[in-house]
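The block underneath contains the structure these notes are about, expressed in structure tokens.
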Amino acid sequence: MISWLQDLRYSMRQLRKSPGFTITAVLTLAMAIGANAVVFSVMNGLILRPLNVPEAKSLYGIERAGDQNLGQSYPDYLDVRDRNTSFDGVAGYSIDQVAMDNGEKPSLVWGMEATGNYFDVLRIQPYLGRFFHASDEHGPNSAPYIVLSYAYWHSHFHDDRSVLGHKVQLNKHPFTIIGVAPPGFRGTLVFFSSEFFVPIVNQEQTEGWNGLNDRTNRSVLATLGHLKPGVTPAQAVADLNSIGSYLAKTYPRDEHRTSFSLVSPSLLGDQFGRPFQAFLAGLMLLAGLILLAACANLGSLFAARAADRSREVALRLALGSSRRRILRGLFTEAVLISLAGGLTGLWASVFLLRKLSEWQPFGNFPMHTPVNPDATVSGVALLLSLVSGFLFGAVPVNQVLGTNPYEVVKAGSTARIGRRITGRDMLLVVQIAICAVLVTSSMVAVRGLQRARHSNFGFEPQRTILVSADLHMAGYTGDRLPPIQKRLLDSVAAMPGVASVGLTDALLLNDANGSDVYTDRTTDLRPSNAASNAYVYHISPDYLYAEGTSLLSGRPFTWHDDQNSPHVAIVNEVFARKIFGSVENATGGYYKMPDGIRIQVVGVAEDGKYGSLTEDPHAAVFLPILQWPSNSNWLVVRPKGDPQQLGEVIRRTLQQLDPVLPVQIEKRYDEVATVLFPSQMASLALGVMGIMGAMLAVTGIFGMAAYSVTKRLRELGIRVALGAQRKEILRVALGRAFQLLAFGSSAGLLLGILASRVLASIVYQATPRDPIVLVGAVLAMSLVGLLAASVPAHRALSVDPMILLREE
């Protein structure tokens, strides 16, 4: 113990004597450990850590395999709940936004509509009061009860226990507060913090429509349940598939043969969860590679440091010190650096993760990112620190073991740099290649994001204003909808600064319901005979003009396309080609809806992006809102001048029409930015990784070049004494480092181009064939080499042969 303490004090003195080396080593490792801690903490919080419910390991989400809709229809849910033999209860839920009036100013809040057995299936107990149950449901609008989340009760009701029994207004419908959820329960979606829970049988009151009897509406419910003891996931899937076969046989007009899968209940199915898990796994792999590159860099720095201290090591050996004691001192230095770097990286990651946990990128949408580091993350960071210390500390072991103290003391360091490729050379090539991969991928992502911001969406969001006015929240339903919609449009259109205004029930590149469509010749309207599936939008006459969507042929809608007129539609190019064979044949033609209604096509609009930027071309159809009324309303306003000044005028005008009408105004492009959010996060993450890789490459090349210069100082002194030119000195001193830089960069650029193809599924228009990307990557790697070699090059050029030869 005494000798270990001596080694510890000696190592600390040595590190204090070399502050530049110590700071570089600690920061290098802190960056790598911090990156791993951040990525692992995000993965742990969002994927690895189970939901905060009892027996979470047996809880699974139920998803229709390969279905573009994320949930089940309510009738399908009832069949799955009642006919399965594998689950100890199946529950469902959906997310909704309502206007809540609790006696103060009404506000928009987000919550969950859940089946009556939701809390019973999850096996949780209320913090206050009680939960609603299946016994409370007796048909549509029969259970006007609300359960508040603990956070909402704490912030809006100030922990008042007397709220039980009080009524709040949800979209002007009274709901009785019956309970408060426990503090740790925010719902069953890991990224969403529900503010309230209401029974889904009251959907008509909270959403303004009742889709509980529509078997074809599969966007209603996400379902989940606990497996019974002894039942395996494979057995449960087989049981569910038998129910799918039953549904297809029993309801052939509404169902097709369906297979099911079990998914993580916290990520809303595989369509969200699988890409997210794959992306985080890729980031974890890159973070691990960065840590390996950091260890290789520190190994090179330790090797250069050992070369600089070769005379000291030789003197200690000559005076009787054992090689084991010297190695123990070197490992003590390495572990001290690794622990300091690990603690620094963990501290920085804690600060960053706390900010990430509080981040709310989508306005009032209650984003929940439980990524605060816990004991598991700290333990992983400590383990990585210790392993890293032993890894890079072991690099100069052979140098110490092979030191001949008498030769070194007599003639100085006699080690030579040969042409043989060493292990350190290979490590440096690998880390340079990793750096090039990261730099290339980050540039591809950034360029793809830049092009996506200015690409053709099928509409022009740059200068338009988006006005959300949910008429259902203001109490407008049924026959009251068309008049108020017309008043809203006329009031905004009459403003001097408005060029055009349109209304839609769903936004392009945001949300829309899909529907099967059939050719006019089809008589058997079962799903398997559908000619296509199309996004459906209900719009006002001037909507396409306000959005900037071009009409390629035919006519726009007019206010005469109402309930008393024949059903008409405007379709996009993909729809026209799939149903009619060509755009030219579409105008004037007919197609059928699943209920058999014949609709005439009166126009063809240009294709656009509807669900996501990376989707394949998809059919879309626009229907007149007077023929298909909807209480979900978005006004798209195209101003003549400055959109910022017009927004406040629109707000005042609409509130004069109805003071209780909830109005939200934002730039149309801000709404599009939510779709670009995955691309932005991927670009940001890869950009940070690219910067880290570049910094590690700088230290790696620096370590290699410094080691090379140190080992060849006597040779360089002789060459200078004999009249060698400066470029010859640089070639001899740094030639190997630049050869390795060129080889590693070439391999990394090639791998980066290949890896960048994967980014196309995340970042729209990401392509590695962009010449700016290739030139930028080459320039970046060249700059990395120049920065890394500048200090060793200055040392090589400043060699004084007289001093060197006198010392030797």
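For region 567-585: of the residues being farther than 17 Å from VAL536 by Cα and touching a residue at least 12 places away in the same chain (Cβ under 8 Å), which is most open to solvent (accessible area, probe 1.4 Å)?
GLU584
Taking the residues in region 517-535 that are out of contact with any strand residue (DSSP E or B) (no Cβ under 8 Å at 6 or more places or on another chain) and either free of Cβ contacts under 8 Å to residues at least 12 places away in the same chain or polar (S, T, N, Q) (or both) as candidates, determine which candidate is farthest from GLU255 (Cα to Cα).
For region 517-535, the residue satisfying everything is ARG521.
Among the residues of region 202-212, how many are more than 30 Å from the chain's Cα centre (by Cα), open to solvent by 10 Å² or more (accessible area, probe 1.4 Å) and not polar (S, T, N, Q)?
4
Can you tell me which residues in region 167-192 are of a type in the set (Ser, Thr, Tyr) and buried (at least 21 other Cβ atoms within 10 Å of the Cβ)?
Answer for region 167-192, where residues must be of a type in the set (Ser, Thr, Tyr) and buried (at least 21 other Cβ atoms within 10 Å of the Cβ): just THR188.
Is there any pair with a first residue in region 542-566 that is closer than 26 Å to GLN462 by Cα and a second that is open to solvent by 50 Å² or more (accessible area, probe 1.4 Å) and part of a loop (DSSP other than H, G, I, E, B) whose Cβ atoms are under 6 Å apart and which are 6 or more apart or on different chains, and what are they?
As it stands, the answer is GLY548/GLU460; SER553/THR587, since those pairs meet every condition given.
Condition check: hydrophobic (A, V, I, L, M, F, W, C) and closer than 30 Å to MET689 by Cα. Does VAL38 satisfy that?
yes
Which residue pairs have Cβ atoms under 9 Å apart, sit 6 or more places apart or on different chains, and have a first residue in region 777-797 that is closer than 16 Å to GLY735 by Cβ and a second that is basic (Lys, Arg) and surrounded by 19 or more Cβ atoms within 10 Å (Cβ to Cβ)?
ALA796/ARG712
Would you point out the residue of region 572-589, among those that are outside any loop (DSSP other than H, G, I, E, B) and touching a Gly at 6+ places or on another chain (Cβ under 8 Å), that is nearest to LEU552 (Cα to Cα)?
Top of the filtered list is ASN572.
With respect to GLU113, is the statement that it is surrounded by 21 or more Cβ atoms within 10 Å (Cβ to Cβ), among the charged types (D, E, K, R) and over 30 Å from VAL380 (Cβ atoms) true?
yes
Suppose we filter region 374-395 for residues that are aromatic (Phe, Trp, Tyr) and surrounded by 17 or more Cβ atoms within 10 Å (Cβ to Cβ); how many remain?
Looking only at that region, the number is 1.
Can you say whether PRO54 is under 27 Å from GLY282 (Cβ atoms) and in a loop (DSSP other than H, G, I, E, B), as far as the supplied structure shows?
Considered against the rule, which asks whether it is under 27 Å from GLY282 (Cβ atoms) and in a loop (DSSP other than H, G, I, E, B), PRO54 comes out as no.
For region 350-376, what are the residues that are more than 30 Å from ALA99 (Cβ to Cβ) and either out of contact with any Ser or Thr (no Cβ under 7 Å at 6 or more places or on another chain) or among the acidic types (Asp, Glu) (or both)?
If the condition is that a residue be more than 30 Å from ALA99 (Cβ to Cβ) and either out of contact with any Ser or Thr (no Cβ under 7 Å at 6 or more places or on another chain) or among the acidic types (Asp, Glu) (or both), then VAL350, PHE351, LEU352, ARG354, LYS355, ASP374, ALA375, THR376 are the ones that fit.
Could you list, in sequence order, the residues of region 95-105 that are surrounded by fewer than 20 Cβ atoms within 10 Å (Cβ to Cβ) and within 32 Å of the chain's Cα centre (by Cα)?
Passing the criteria: ILE95, ASP96, GLN97.
What do you reckon, is GLU648 open to solvent by 10 Å² or more (accessible area, probe 1.4 Å), at pLDDT 75 or above, over 30 Å from ALA494 (Cα atoms) and of a type in the set (D, E, K, R)?
No: the conditions fail for GLU648.
If VAL637 meets every condition in (1) at pLDDT below 85; (2) in contact with a strand residue (DSSP E or B) (Cβ under 6 Å, 6 or more places away or on another chain) apart from one, which number is that one?
For VAL637, the exception is condition (1).
Please specify each residue of region 471-509 satisfying the condition of being open to solvent by 40 Å² or more (accessible area, probe 1.4 Å), more than 16 Å from TYR543 (Cα to Cα) and assigned to a loop (DSSP other than H, G, I, E, B).
Hits for region 471-509 are THR477, PRO496.
Answer yes if at least one residue in region 303-325 is modelled with pLDDT of 70 or more, within 25 Å of ILE432 (Cα to Cα) and in contact with a Lys or Arg (Cβ under 9 Å, 6 or more places away or on another chain), and no otherwise.
Among the residues of region 303-325, at least one is modelled with pLDDT of 70 or more, within 25 Å of ILE432 (Cα to Cα) and in contact with a Lys or Arg (Cβ under 9 Å, 6 or more places away or on another chain), which makes the answer yes.
Among (1) touching a strand residue (DSSP E or B) at 6+ places or on another chain (Cβ under 7 Å); (2) surrounded by fewer than 20 Cβ atoms within 10 Å (Cβ to Cβ); (3) at pLDDT below 90, which single condition is ASP136 missing?
Unmet for ASP136, out of (1) touching a strand residue (DSSP E or B) at 6+ places or on another chain (Cβ under 7 Å); (2) surrounded by fewer than 20 Cβ atoms within 10 Å (Cβ to Cβ); (3) at pLDDT below 90: (3).
Counting only residues that are among the aromatic types (Phe, Trp, Tyr) and outside any strand (DSSP E or B), which one in region 590-632 is surrounded by the fewest Cβ atoms within 10 Å (Cβ to Cβ)?
TRP628
For the subset of region 659-692 comprising residues that are part of a loop (DSSP other than H, G, I, E, B) and open to solvent by less than 50 Å² (accessible area, probe 1.4 Å), which member is nearest to GLU547 (Cα to Cα)?
Going through the qualifying residues, I end up with LEU676.
Residues that are at pLDDT 70 or above and open to solvent by 40 Å² or more (accessible area, probe 1.4 Å), at least 1 per element: which helices (runs of 4 or more DSSP H) completely within region 694-808 meet that?
Here the list reads 713-721, 726-759, 771-797.
Could you please find all residues in region 216-242 being buried (at least 21 other Cβ atoms within 10 Å of the Cβ) and not in a loop (DSSP other than H, G, I, E, B)?
Matches in region 216-242: LEU221, ALA222, THR223, LEU224, GLY225, HIS226, ALA236, LEU240.
With respect to ARG123, determine if the residue is over 29 Å from the mean Cα position of the chain (by Cα), under 19 Å from LEU268 (Cα atoms) and either of a type in the set (Ser, Thr, Tyr) or open to solvent by 30 Å² or more (accessible area, probe 1.4 Å) (or both).
no
The values are calculated or read from the model by the stated rules, or taken from the named source; none is laboratory data. Bear in mind that the values here come from a model prediction, so they are computed numbers and not experimental data. All Cβ positions, glycine included, derive from the backbone under ideal geometry; neighbour counts span all protein chains shown. For accessibility, only protein heavy atoms count, side chains too; no ligands or nucleic acids. Shrake-Rupley method; radii C 1.70, N 1.55, O 1.52, S 1.80 Å.
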